[in-house]
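All remarks here apply to the structure that follows.
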Amino acid sequence: MSGDAPIIVVGGGIAGLSAALAAAPAPVLLLTRRPGAAGAASTLAQGGIAAALGAGDTPAAHARDTCVAGSHHNDVAMVELLTASAPAAIAWLQAIGVDFDRDADGRLQLGREGGHDRARIAHAGGDGTGAAVMRALVAAARAQPRIRRIAGCDVDALAVRDGQVVGVSATLDDGSRQRFDGRAVVLATGGIGGLFAATSNPADADGGGLALALAAGAAARDLEFVQFHPTALAVPGLHSLPLVTEALRGAGARLLDRDGQPLMAGVHPLGDLAPRDIVARRVAVAVHAGGAWLDARHIGVAWPTAFPTVLAACLAHAIDPRLQPIPVTPAAHFHMGGLATDADGRTSLPGLFAAGEVACNGVHGANRLASNSLLEGVVFGRRLGQWLAAVSGAENRGGEAAWVGLGPALPPPALQRLRALMGAAMGPVRNHAGLQAALDECEGLAAEGWQAGLARALLAAALQRRRSLGAHYRDDDASMAGPVAAA
Ligand code: SIN
C-alpha cells in the first residue's frame, strides 16, 4: 500500500456517496453491490431531511428534539454537530441538483414528523426524497473523474497488516474474487433490517459490513438499539415491506384497531405522532390482536403528488388508500447501534472508517428522531471524506496482510429461522426469557453462517441492558409498567 492508493468506500447509499464525493480529489474506489441507486436503503427513504430552516427554528431546538427522541442516551457533541451542519447539508444537496419541494411563495416546504416540535423536514418529490437525493448523488459521483465505481461487488474480507486495515476482497457477480488495496477502507454498508422477520430495508441490508468489522476486532457500540417503524405495509409473506411514511400521520392520518377505533387514544399526549417506539409497540400489540390500519383517506386528490411512493406500493398490492384504510405492521427500520466511531468516522481499528447506519457515534442515542438518518449520512459522510482527503496514506511497509473474512452465509432455511427468532425476541417488545432462548438457538446456528454470529452479538447486548431505554423496551422491567406494557 502506498500514499496514493485509493480510499476504498464500500457501499453506494447516501453516506458512502457523500464520503466518496468529499474524499475526491483523492483517488476513490467505490465498491457497491448494485449499480446506480438500486438496492440502497437510502433510495427507499420516504422521510425527508430534518434541518432548522423554518422561521424561529434553531439547531438547538432540533438538537433538543433529537435528544428527547434518543432518551438522552445521545452523545450531545455529535448531536450539536449534526443539527448545526444540517442547513449547510441541505444547501450542498441543492448545489448538486436536489430540487426540494417548495410552497406557493417559493420557500422550502417544511413538513412535520413524530418527535419534532415543529415543521422541520425538507422533502424532494414528496415521499420520494431518498430516491431524489440518490439520483443527484449518483450523477455527481459519475461526473467525478477521481471516483472509480465497481458495481456487483460483495465485500466479504478485510486485509489487516500490523494492526492496520489495508484493503478488502470481494466476490464479484460472476463468482470470481478480487482483492483491492487502499490507504483507507470506509464501510458505509447500511443496517441490519434484513436479519429480522419483517423490515423496511432491502433484504440484503444484512449487517455484513458490521459483522466483518467485528470479526476484525473493531469496537461496537449500542448494538441493542434497533428502531421499528410502526407502519410498514402489512403484506403477508413478504420480508422486505414497503414503508407507509410517518409523514402521513404528520398530515393527519390516524391509526385504527380492528374495530375501527383510534389506536393511540389515551396512550400518549402526542397521539399518532407519539415517539416511534411507543407507536410501534402499540401497533405490534394490535397486530397480535387482529390487525392495525392507517386511515389516510382524507389525503384525497393530493395522494399522487404528496405520497406517490406509498400510493404506488399500496396499489401494487391491490389496496387503494384513497378508498380504504391501509393495513400496517411494525418492521425493523434502523439500527442506532453499530461500529463505534468518532466525529470523523474513525473506528477503533487504524485504517478502518465507517459512516451512516453501520456506524455509531452516539448521535441517535437509544432511538433515532425521524428524518435524521439521511442527514446523518450526508453530514458525517462528508466530514469523513474531507478528513480522509486531508490526511496522507500510511507508507507501504511491505509484508503479507492477514485476511479476516465473513465465512459462510447461512443456508436459506437457517436464515429464515434466524429472522423469525430475531423478529420475536429482538422486536419492539423484549424480555430476558425470549432473548436468552434466541441466543441459545443462535449458538447452534453460528457454526452454519456469519449472520447468526452477528445476531448473537445483538442478542447479548440486549440481554445485558436489563432496563428499558428508548427503542429497547423490556416488558420484564418492572419500572416500565404503562398503557403499552399492560396491553
Ligand atoms: C418515514 O418516512 O416514516 C421514515 C422516516 C425516517 O425513518 O426518518
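Beta carbons within 10 angstrom, averaged per residue: use that to sort the peptides 261-267, 362-368, 116-122, highest first.
With the highest mean Cβ count within 10 Å placed first, the list reads 362-368, 116-122, 261-267.
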Could you sort 138-150, 421-433 so that the peptide with the highest average Cβ count within 10 Å comes first and the rest follow in order? 421-433, 138-150
First select every other residue whose beta carbon is under 9 angstrom from the beta carbon of Arg430; then total the charges, Lys and Arg +1, Asp and Glu -1. -2
If you line up the long axis of helix 276-288 against the longest principal axis of the chain, both from Cα atoms, how many degrees apart are they, to the nearest 10? 60
Normalised by the residues of the stretch 197-280, what does the relative contact order come to in percent, with Cα pairs under 8 Å and at least six apart? 32
Please give me, ordered by residue number, the GluC sites (Glu not before Pro) of the stretch 299-405 that lie in loop per DSSP and have at most 16 other Cβ atoms within 10 Å. Glu395, Glu400
Semi-axes, largest first, in whole Å: what does sqrt of 5 times each Cα gyration tensor eigenvalue give for the stretch 301-428? 38, 23, 15
For the stretch 217-222, 3J(HN,Hα) per residue [Karplus equation, 6.51 cos²θ - 1.76 cosθ + 1.60, θ = phi - 60°, Hz, x = Gly/Pro]: x, 5, 7, 9, 9, 6
Once phi is turned into ³J(HN,Hα) by the Karplus curve 6.51 cos²θ - 1.76 cosθ + 1.60 with θ = phi - 60°, what whole-Hz value does each residue of the stretch 123-139 show in order, with x for glycine and proline? 10, 10, x, x, 7, x, 4, x, 5, 5, 5, 5, 4, 5, 5, 5, 5
Explain nothing, just the number: dipole magnitude of the stretch 1-151 about its Cα centre with +1 on each Lys and Arg Cβ and -1 on each Asp and Glu Cβ, in debye rounded to the nearest 20. 620
Net charge near Phe228 (other residues with Cβ under 10 Å of its Cβ; Lys, Arg +1; Asp, Glu -1) is +1
With x for Gly and Pro, the residue-by-residue ³J(HN,Hα) of the stretch 18-25, computed from phi through the Karplus equation 6.51 cos²θ - 1.76 cosθ + 1.60 at θ = phi - 60° and given in whole Hz, is 5, 5, 4, 5, 6, 6, 5, x
Mind pulling the angle between the C-alpha long axis of helix 412-425 and the longest principal axis of the chain? Nearest 10 degrees, somewhere in 0 to 90. 50
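Sum up the charges of everything whose Cβ sits under 12 Å from the Cβ of Asp101, counting Lys and Arg as +1 and Asp and Glu as -1, but leave Asp101 out.
On the way: positive: Arg102, Arg107; negative: Asp99, Asp103, Asp127.
Value of the local net charge: -1.
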Amide H of Glu113: which non-local residues (sequence gap of 5 or more, or other chain) have their own amide H closer than 5 Å, using H built in the peptide plane? Arg120
Which value, in debye to the nearest 20, describes the size of the charge dipole of the chain about its Cα centre when Lys and Arg Cβ atoms bear +1, Asp and Glu Cβ atoms bear -1, and nothing else is charged? 380
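Taken together, the values in this text are just the output of simple stated rules run on the coordinates, not laboratory data. On a predicted model such as this, the values are computed, not experimentally measured, just so you know. As a convention, Cβ positions derive from the backbone with ideal geometry for all residues, glycine included, and neighbour counts pool all protein chains shown.
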